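These notes concern the structure reproduced below.
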Amino acid sequence: MTPTIFEQVQRIASDLFGVPGDQITRESSTESIEAWDSTQHLNFVLALEEKFNIQFSPEEMDQMRNIGSTVKLVERKLQNSPR
Amino acid sequence: MSATLKARDLRKEADELIASGSADLAALRLAELWRNESGAGAAAFVVSRYEKLREKLPLARYRLAILRSFTVEPVIPLLRAAAFASGIDLTVQFGDFNAYPQEILDEESSLYRFAPDGAILATRTADLAPDVWSHYPDLAQAAVAEAVQRVSKSLEQWIKAFRKRSSAALIVHSLEQPARPSTGVLDAQSGFNESALSQSGAIQQINQELRKIVAAHRGVYLLDYDALVARHGRLRWHDERKWLTARMPIAADQLIHLSREWLRFVVPLAGKTAKVLVVDLDNTLWGGVIGEDGMAGIQIGAEYPGAAYQALQRALLDLARRGILLAICSKNNLDDALEALQNHPSMLVRPSHFAAMRINWHDKALNLREIASELNVGVDALAFLDDNPMEREQVRAALPQVNVIDLPPDPLDYAATVRDAPAFQRLVLSDEDQQRTELYAAQRERSQAQQSFQSKEDFFRYLELEVEIAPLEPATLARAAQLTQKTNQFNLTTRRRTEQQIAELAARAGSQVLTIRLRDRFGDHGLVGVAITRDDSASCEIDTFLLSCRVIGRTVETALLSHVASEAASRGRQQLAGWFLPTKKNAPARDFYAQHGFQLQSQNGEGSFWTLDLRQQTIAMPEWIRLKTNEGARV
């Protein structure tokens, strides 16, 4: 079964922030995840770009403050991008 | 198939193995995870887990400083994960943006306090030559030439200053060309001469100057960044938006390529190269199965699909010229395989290109072990190339030290995989490297000759051994440094030294660096050993004493020691002393001092200390060895 976008984002967040996957929910945010600082934020953005073959604008990078909004953004970009 | 779809959860398996204390097995899982998913997420996971295992694994340590004018932080986990998977525990430090000139020039800077083994100078053309990069059309010709001069001079100054303050290796990025020259297609129309340089011509000129500067300094290497960017596509390489917002000029999906290029320098610098490439035959060296398809049926030749295999064979021949030995390990009937290798008209590799062959039906791990012992190298000096994933897994499980190369499914990608492998990269090439295949062919003749003699001594006399011992010269420096870095077995102290460090030792008062060359009736072995000694008032201490494993056991080591002892005595030293520092690999050198009459003085956790009273004892030169000494031109 193909993992959902949420599951894939969860996996990347878990790897980068060093938090077990099952503890990462849509509500997890820069506030609740200690390792999610500005350096890791850039790494997170780059990892998502590489994984889904998309690019985020600076404005979008600022919106990605929790997992739920990040997943929505990725989903929207994947729908819009020509496949 | 995406790795996330696999039923196996390698992350979970690795964590469970770490928890149960199985470091080796955990490392295998981590390496597999890294091969399957070479992205930022996997990199972070792999690095964090290797950090827990670092004390339990045989990892080489390497300290790398990065001097940069852009954000490199996201590349570091990719580089460290790949390094761990290559057996290197990499510690990385980087300076502030654009602070590299001060860091290089200031002896007290964090760069030098970090005491790196190597440093990378990664700058952007836009930072070094902003005028040429961003407003070239405004510049008068004289200003362009001036910019070329200015940038070349700065680079030279920094390289010189770094060399003066550190003996670490230095890797310098070349300057990249713009994706779109400011004068458009006109750029290519201007002549390439100093009085009318185009924008691309000016950058090319700086790169040529840089090449000369790098070549004039020891332990400084050029990374052709412009070629790297071109290889992966200039327009895809960059991400202008990330540059403007995060000072990160490289697109997310290209970062891996920069990390891999850096690794191609770090692996040889950390001594993690492979000395031997062992290849499978059917569906690796040619398409098809020789035992079933026969000479007429296998695929090898200038046309598709045979061309893919010819390209791989060409890549193997190129490696052989780089000093990497080739060997065969194949499940086949010996006669079928040899028939194809000897007589197939399109075959580029022939039996004489292989230093060892195991063509039989035995287990491959067993054959690899035999090949290593036949060639007198450790199993960790082997790389293994096989199209069959099952064979690869079995070898990985049985011999985790072997560098098992993952061949992609499409044979057209085989040659590139071999050419890209970090383990086959070399930063310097000696004459010995280029002739290694021939040296080993002569070796085989020698061992055949040995079998027909009654005694070892008779055999030595027959060999007509001739050694030449000389102080270090500029021409022998690179090879001497290479020997200290690569020799594992007959090496009394295993002290690794860069060219720069050896040159410093040779220039120091009271210190001697000797090299030994060996010739015999079958040919020239080239420079095969190094001895470094240091005098104090009464005693001469051996700092380094090593001999290439190819020539151990022919009393050449005794000849070198004899010379060292008689020289020390003639300089008035009363005692010759030396440490034996045991490693996992230098057992062949363990009894060397005892066998030559040295007395054990002390022993500690590091090793044992031996002395020889030069007033009472000498070490005889073996009578079958002809000694030539050469005063040479000292470095």
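Here, each number is a calculation from the coordinates, and none is a lab measurement. Note that the structure is a prediction, hence the values are computed from the model and not measured. Here the Cβ is made from the backbone with ideal geometry for all residues, glycine too, and neighbour counts use every protein chain on show.
Things to note:
- Extending 7 Å from Cα along the Cβ direction at B:K52 and again at B:E464 yields two label points whose distance is 6.4 nm.
- Segment B:41-95: C-alpha gyration tensor shape, a/c 1.5 cut-off, then a/b vs b/c: oblate
- Between 0 and 90°, nearest 10: helix A:67-80 axis offset from chain A longest Cα axis: 10
- Angle between chain A longest axis and helix A:5-17 axis [Cα atoms, degrees, rounded to 10]: 40
- Computed extension length for B:L600-B:R236: 124.6 nm, one decimal, from 0.36 nm per residue of separation with the Cα-Cα distance subtracted.
- Tensor-based shape of segment B:454-629 (alpha-carbon gyration tensor, a/c under 1.5 rounded, otherwise prolate or oblate): rounded
- Rg ratio (alpha-carbon, reference 2.2 N^0.38 Å) - chain B: 1.05
- Proximal lysines to B:K585, defined as alpha-carbon separation beneath 19 angstrom and excluding residues fewer than eight positions away on the same chain: B:K56, B:K272, B:K275, B:K486
- For the residues of A:47-57, the average number of beta carbons from a partner chain within 10 Å of their own beta carbon is 5.
- The coefficient of translational diffusion for the protein assembly as shown, derived via Stokes-Einstein from the alpha carbon Kirkwood radius under 10 °C and 1.306 mPa s, stands at 56 µm²/s.
- Within the straight-line cut-off of under 23 Å between alpha carbons, the lysines reachable from A:K72 are A:K51, B:K242, sequence neighbours fewer than 8 places apart in one chain being disregarded.
- Leading residue at positive end of dipole, segment B:318-394 (Cβ point charges), from B:G323, B:L334, B:P351: B:G323
- Between B:A397 and B:A216, full extension at 0.36 nm per residue minus the direct alpha carbon distance yields a gain of 60.7 nm.
- Order by protection proxy (mean Cβ within 10 Å, highest first), peptides B:233-243, B:69-79, A:10-20: B:69-79, A:10-20, B:233-243
- The alpha-carbon positions of segment B:276-424 define a convex hull whose volume is 98 Å³ per residue.
- Averaged over B:297-306, number of beta-carbon atoms from partner chains that fall within 10 Å: 0
- Shielding of peptide B:41-51 by partners, expressed as the average count of other chain Cβ atoms within 10 Å per residue Cβ, is 4.
- Total charge dipole magnitude, segment A:5-80, about the Cα centre, Cβ charges on Lys, Arg, Asp, Glu only, Debye to nearest 20: 260
- The Cα atoms of segment B:569-635 give a gyration tensor whose axes a ≥ b ≥ c have a/c of 1.5 or more with a/b greater than b/c, which makes the shape prolate.
- Note, ³J(HN,Hα) from phi for segment A:21-31, Karplus 6.51, -1.76, 1.60, rounded to Hz, x at Gly and Pro: x, 6, 8, 9, 10, 4, 7, 4, 9, 4, 6
- Each of B:T417, B:S539, B:A129 was scored by the projection of its Cα onto the charge dipole of chain B, and the greatest displacement toward the positive side belongs to B:S539; charges sit on the C-beta of Lys, Arg, Asp and Glu.
- Extension gain, B:R8 to B:L429, is 147.2 nm, computed as 0.36 nm per intervening residue step minus the present C-alpha separation.
- The helix-based estimate of mean residue ellipticity at 222 nm for chain B, built from -39,500 (n - 2.57) per DSSP H run of four or more residues and divided by its residue count, is -12500 deg cm²/dmol to the nearest 500.
- Cα pair distances exceeding 20 angstrom across segment A:5-80, given as percent: 18
- Per-residue ³J(HN,Hα) for segment B:116-125, Karplus 6.51 cos²θ - 1.76 cosθ + 1.60, θ = phi - 60°, Hz, x for Gly and Pro: x, 7, x, 9, 10, 9, 10, 10, 9, 4
- Remark: chain B carries a charge dipole of roughly 1120 debye about the Cα centre, counting +1 on each Lys and Arg Cβ and -1 on each Asp and Glu Cβ.
- Restricting segment B:517-624 to GluC sites (Glu not before Pro) that sit in a DSSP loop and have at most 15 other Cβ atoms within 10 Å of their own Cβ leaves B:E606, B:E623.
- Dipole check for the protein assembly as shown: with +1 at the C-beta of Lys and Arg, -1 at the C-beta of Asp and Glu, and the Cα centre as origin, the magnitude is about 1060 Debye.
- Placing unit charges on each Cβ (+1 for Lys and Arg, -1 for Asp and Glu) gives chain B a dipole about its Cα centre, and among B:S48, B:A441, B:L366 the Cα reaching farthest toward its positive end belongs to B:S48.
- Normalising the Debye intensity of segment B:512-611 to I(0), with uniform scatterers on Cα atoms only, and taking log10 at q = 0.11 Å⁻¹ returns -0.34.
- Straight-distance candidates among the aspartates and glutamates for linking to B:K212, with alpha-carbon spacing under 19 Å and chain neighbours fewer than 8 residues away dropped: B:E146, B:E156, B:E176, B:E194, B:D224, B:D226, B:E499.
- For B:E370 and B:D138, a Förster radius of 60 Å and the Cβ-Cβ distance give a FRET efficiency of 0.30, rounded to the nearest 0.05.
- Projecting label points 7 angstrom from Cα along Cα→Cβ for B:F97 and B:S537 puts them 5.9 nm apart.
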